[in-house]
Amino acid sequence: MTLPGGRSRAIGVNDSVTFEDLPVGTYAVELQSVAWNCEREDGVPLKTSMVVSVGGTERVRFPVLCGPVVVLDEAHNNYHTLSGRYRPFDELLRRNGFVARTSSAAFTAAALAGVDVLVISNALNVQNPTIWSAPTPSAFTTEEIAGVKTWVEGGGALFLIADHMPFPGTAEELAAAFGVKFRNGFAFDTLQLRNPKPCLLEPEIQILRRSDGSLGAHPLTNGRNASERVDSVATFTGQAFEPTASPEPLLVFGSTAVQLFPTTAWEFSASTEPVGVDGWPQASVREMGSGRAAFFGEAAMFSTQTCFGGAVPMGMNSPLAEQNGQLLLNVLRWLIRELG
């Protein structure tokens, strides 16, 4: 906190500082900066003024929110950003005690210092931002993948989201470092869709439920109390990844689900053979050393999009996705060990 004349002092969270023996007059008071894990409340200025009178005491308050730091990667041609498709993701975090940041830096030990949760959503290699065709090389360098793995093993938390093709292909090597086998395709339930498509009508949206086992019972889906329990979520296509021994599945496809593997996104033909994905997960979590990681094969479920001229919502705004936002919060709380 700084006053005119160079008078400045550091101030802690929920703390106060006192400036004594100030001459009578009007003063500009400024909070020059906040800690990495804090941010000012929306709409609250960091600079104000006060009038000091003879023998009087004036108080100035700067509301600041502090919490776990969630950093969304924006260094890898990401299709989802906090100021773009994941603005609702950002807003939900801020309303629930998290501090949301972005990063345009490569993954290094220095870049990950002070990060509680690293979120990577739909990263792309430099050759794929507008060309969604094979090949889909890794969005991350070998050094970055090794660095993220070491960081998680040392206590970090990774939230890796890779939707339908081409996103699983560009994140495949990073997922593999954690024992997760992403598949570069489009997964869907044949009872609801003939072929995947960018916009879904409400009957075509897949619902995964605790009652039929497609949504798993886990401390993450149970929440901290009954109000946080998740019993169903909606998904909007995405990928299915191969089952492996280590990660615990959260969302699982059933016997009528298949996956298609086109060479170009959204281009399907009679030669695009379906592969059955009964029992394949669309989301899983695992412990890794001292850290934790979550893997999701669907990104739209944490956005708020609309289709058909705004007539049909797709994402957390869908009437069928009332608990998608709670699932997102539970994932983050599990990653920082507030759950399980």
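The values are calculated or read from the model by the stated rules, or taken from the named source; none is laboratory data. In this text the structure is predicted, and so the values were computed from the model without any measurement. Quick reminder, even Gly has a Cβ in these numbers, built from the backbone with ideal geometry, and neighbours come from all protein chains shown.
What the table below lists for this structure:
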item: Filter result (on the phi > 0 side of the Ramachandran plot, more than 39 Å from the chain's Cα centre (by Cα) and part of a loop (DSSP other than H, G, I, E, B)) within the range 12-65; result: D21, G55
item: Matching option when the condition is farther than 27 Å from S318 by Cα and in contact with a strand residue (DSSP E or B) (Cβ under 8 Å, 6 or more places away or on another chain), among V275, V233, V252; result: V275
item: Selection count, the range 287-316, where residues are without any contact (Cβ under 8 Å) to a residue 60 or more places away in the chain and either part of a loop (DSSP other than H, G, I, E, B) or under 18 Å from E204 (Cβ atoms) (or both); result: 5
item: Matching option when the condition is in the same structural domain as A177 (by TED's automatic domain parsing), modelled with pLDDT under 95 and not small (G, A, S), among V312, V331; result: V312
item: Filter pass, A100 being in contact with a strand residue (DSSP E or B) (Cβ under 6 Å, 6 or more places away or on another chain) and more than 17 Å from V180 (Cα to Cα); result: yes
item: Only listed residue being touching a Pro at 6+ places or on another chain (Cβ under 9 Å) and closer than 23 Å to N330 by Cα, chosen from G216, G169, G154; result: G216
item: Scan of the range 32-51 for residues that are hydrophobic (A, V, I, L, M, F, W, C), surrounded by 13 or more Cβ atoms within 10 Å (Cβ to Cβ) and modelled with pLDDT under 85, ordered by number; result: V34, V44, L46, M50
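Each row is one residue, and each column tells you yes or no for (1) under 24 Å from Q305 (Cα atoms); (2) more than 17 Å from the chain's Cα centre (by Cα).
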site: V69; (1), (2): no, no
site: R87; (1), (2): yes, no
site: L93; (1), (2): yes, no
site: R101; (1), (2): yes, no
site: T108; (1), (2): no, yes
site: V117; (1), (2): no, no
site: A123; (1), (2): yes, no
